[in-house]
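Notes for the one structure printed next.
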Amino acid sequence: MATQYVSIRNLQFLLNEVLDAPALNQYPYYADYDADAFNMVLDAAKQLSDTYLFPFYREMDKEKAYYKDGEVHVHPSLRPALKALADGGWISALDSYENGGQQMPHVLMSAGLMCFYAANGNAASHAFLTQGAANLIRAYATPELNETYVPQMYGGDWQGTMALTEPQAGSSLTDITSSAEPLNGNGTYKIKGQKVYISGGDHNAVDNVVHLLLAKIKGAPAGTKGISLFVVPKYRVENSELVSNDVTTAGIFGKMGQRGYVAAHIMLGEKDDCIGYLVGQPHHGLPYMFQMMNEARIGTGLMATGSASAAYYASLQYANERSQGRHPSNKDPLAPPVLIIEHADVRRMLLQQKAIVEGSIAVLLQCSYYSDLAKVSEGEAAENAHLLLELLTPIAKSYPAEMGTYSTSVGMQVLGGAGYTDDFPLEQYYRDIRVNAIYEGTTAIHGMDLLGRKVMLQNGKAAMLYAKELQNVIIAAQSSETLKPLADKLATAAAKLQEVTAHLLQLAKQEKPEVFLADATLYLEYFSIVTIAWQWLKQAIVADKALVNAAGDDVIFYKSKLQTTKYFFEYELPKTMGLRARLLSTERVTLEVKAEEIV
């Protein structure tokens, strides 16, 4: 069975050598996080994962969560895992010292999350959904709500959720019907409605569940402008005791994967006794919720990458242990079979997995680094970092989700028939990872967000900043004889991406939105491939220089980085040519085909 699920050495390389993230300690808020602290935190994350998460990954799938007699039962390992994450300071990590947090840089937090999600995303997801909900309360709710809910959530005793989706309204939040009626004019409301697919929505590994819930106050404006945000607990606090808040679970959904991570159907106010507590101002719920949603989008990318990482190492181990076949040039039937990693096509599949996984980690840590700069720097530097984070969030969520699924499928192919059995973990990774392309907005939504909004943020400033980031890396790589051909390829790909973007934006001026957004998902794929190529070239620059003085295992590590970069530029980057042809085409197949013609 697989024993490795993540590379701490790769995380150290990205944090310390590529991003120089410990230099964030020049800012007072992160003063305690030097390079030693970064390494200690990563070691702690790996030890926690090895003890409380990874050993129970398969068990949580086989002994899946179930609903019985009004209660949701989860695997018994979940409660100690949540407490371990809480006691280790991980749920509160991003908050300030004075609020009980660790003031941890987001980029380091994300590296820790990679360990947790790769070890057991089913368990870890509960904790970090709670973190996002607590962050939202901390940011916008009253001191009283903060005092009542956040310490219990940080302590791992109460679960937090984001309750958006309703049976009649999936991603179209305009159509939600959950209602809120004022009580006593003191910020409390009577809540009625139902929510579906609520991750972590109810389970017996915690003592309470705190829903961050979207609803419309009666008489509110139509559409998304009328949505408000509420804290709606399963049990409310009255006279220092927990009492029922008329939040009941109708059942949980049977899922293809993530069987240890509950998705609940919850009913609110069936007995006319559900109380919600307004967060912030009325009718501002959606902008508030976007804080949690954007955090969750980076988290979803990390969750997907974690599954893909574990799948990669499982298939790599198998390829180094399984003997089968001989090289085509060897015609001797009596010659011993070779390890399958000796076959070129197996090496291609492993390189593809590595390129996707480590490219995904790189862009996710890059985004987290921008998040840190946006938080602690000032003026134009903070604004620029925020714009780059906004621009790249659709890529950081969607590329790992879509390509991580493909990568895991490739890992299953490495195992052949064995990969399709539950004797090996690949089939579970494949089932578990698939939902990430749906979580926090489908890929199409992120494509339309990127093309329809993000590339024109501040009149195109975000896109110009992105182009400058690429150009800086291209120039740096062109000074290396080894990397110059790759730098030239990225320069060409980036220039062609700009041409396609200009073409589509011109189309937006001439046609209705349906026309230029019809292939937004393909544009997102195109943009993503160029972005991952940029991240690989950044890594190659560092590896190329480090190789000069490297010794021992580092020689292989840096050579592997250079070979994988070469793979990406030879096998993945050329895919942009086909995407470019489609995006420039005047044929409008999907717009012109009639619904009745799809039979």
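The values are calculated or read from the model by the stated rules, or taken from the named source; none is laboratory data. Every value quoted in this text rests on a predicted model; they were computed, and no experiment measured them. Neighbour counts are summed over all protein chains in view; Cβ atoms, including those assigned to glycine, are modelled from backbone coordinates with ideal geometry.
In this structure, does Leu164 turn out to be surrounded by fewer than 23 Cβ atoms within 10 Å (Cβ to Cβ) and modelled with pLDDT under 95? Answer is no for this residue. Ala169 fails exactly one of the following numbered conditions: (1) surrounded by fewer than 18 Cβ atoms within 10 Å (Cβ to Cβ); (2) within 26 Å of the chain's Cα centre (by Cα); (3) touching a residue at least 24 places away in the same chain (Cβ under 8 Å); (4) farther than 30 Å from Arg79 by Cα. What is the number of that condition? Only one criterion in (1) surrounded by fewer than 18 Cβ atoms within 10 Å (Cβ to Cβ); (2) within 26 Å of the chain's Cα centre (by Cα); (3) touching a residue at least 24 places away in the same chain (Cβ under 8 Å); (4) farther than 30 Å from Arg79 by Cα is unmet by Ala169, namely (3).
Residues in the range 201-254 that are charged (D, E, K, R) and surrounded by 18 or more Cβ atoms within 10 Å (Cβ to Cβ): Asp202, Lys216, Lys234, Arg236, Asp246. Examine the range 409-425 for a residue that is outside any helix (DSSP H, G or I) and within 24 Å of Ala518 (Cβ to Cβ), and state whether such a residue exists. No, because not a single residue in the range 409-425 is outside any helix (DSSP H, G or I) and within 24 Å of Ala518 (Cβ to Cβ).
Would you mind listing the helices (runs of 4 or more DSSP H) fully within the range 1-71 where at least 1 residues are touching a Gly at 6+ places or on another chain (Cβ under 6 Å), within 25 Å of Gln535 (Cβ to Cβ) and not assigned by TED's automatic domain parsing to the domain that holds Leu547? Reasoning before the result, please.
Working: elements: 8-12, 35-48, 57-62.
Here the list reads 35-48.
Here is the figure for the range 211-263: residues that are without any contact (Cβ under 8 Å) to a residue 40 or more places away in the chain and hydroxyl-bearing (Ser, Thr, Tyr) total 3. Among the residues of the range 469-495, just one is farther than 18 Å from Glu572 by Cβ and under 25 Å from the mean Cα position of the chain (by Cα), namely Glu469.
Cys115 meets the conditions (1) assigned to a helix (DSSP H, G or I); (2) closer than 30 Å to Ala540 by Cβ; (3) over 20 Å from the mean Cα position of the chain (by Cα) in every case but one. The failed one is (3). When you look at Ile341, is it within 28 Å of Arg322 (Cα to Cα) and buried (at least 23 other Cβ atoms within 10 Å of the Cβ), yes or no? Spelling it out, it is not the case that Ile341 is within 28 Å of Arg322 (Cα to Cα) and buried (at least 23 other Cβ atoms within 10 Å of the Cβ). Take the conditions (1) in the same structural domain as Gly269 (by TED's automatic domain parsing); (2) in contact (Cβ under 8 Å) with a residue 24 or more places away in the chain; (3) within 30 Å of Asp95 (Cβ to Cβ); (4) not charged (D, E, K, R); Gln194 misses just one of them, which is (3). Checking Gln47, Gln12, Gln26, Gln103 one by one, the residue that is modelled with pLDDT of 95 or more and on the phi > 0 side of the Ramachandran plot is Gln103 and no other. Gln478 falls short of the stated requirement of being out of contact with any Asp or Glu (no Cβ under 8 Å at 6 or more places or on another chain) and surrounded by fewer than 17 Cβ atoms within 10 Å (Cβ to Cβ).
In the set (1) over 21 Å from Gln47 (Cβ atoms); (2) crowded, with 24+ Cβ neighbours inside 10 Å; (3) not assigned by TED's automatic domain parsing to the domain that holds Lys234, Ala119 fails one condition alone, (1).
Considering every residue within the range 523-534, establish whether at least one is part of a loop (DSSP other than H, G, I, E, B), modelled with pLDDT of 95 or more, on the phi < 0 side of the Ramachandran plot and not polar (S, T, N, Q). No - not one qualifying residue is present in the range 523-534.
Quick check on Ala180: is it buried (at least 19 other Cβ atoms within 10 Å of the Cβ), outside any loop (DSSP other than H, G, I, E, B), of a type in the set (A, V, I, L, M) and not assigned by TED's automatic domain parsing to the domain that holds Gly226? No; evaluated as a whole, the condition is false for this residue. Tallying residues that are part of a helix (DSSP H, G or I), without any contact (Cβ under 8 Å) to a residue 12 or more places away in the chain and in contact with a Phe, Trp or Tyr (Cβ under 9 Å, 6 or more places away or on another chain) within the range 546-578 yields 0.
Of everything in the range 197-223, what is more than 18 Å from Thr165 (Cα to Cα) and either in the same structural domain as Ala65 (by TED's automatic domain parsing) or of a type in the set (Gly, Ala, Ser) (or both)? Give them in sequence order. Ala205, Gly219, Ala220, listed by residue number.
Please go through the range 60-93 and pick out each residue that is on the phi < 0 side of the Ramachandran plot and small (Gly, Ala, Ser).
The first filter runs over the range 60-93 and keeps only residues on the phi < 0 side of the Ramachandran plot, leaving 60-68, 71-88, 90-93.
Hits for the range 60-93 are Ala65, Ser77, Ala81, Ala84, Ala86, Gly88, Ser92, Ala93.
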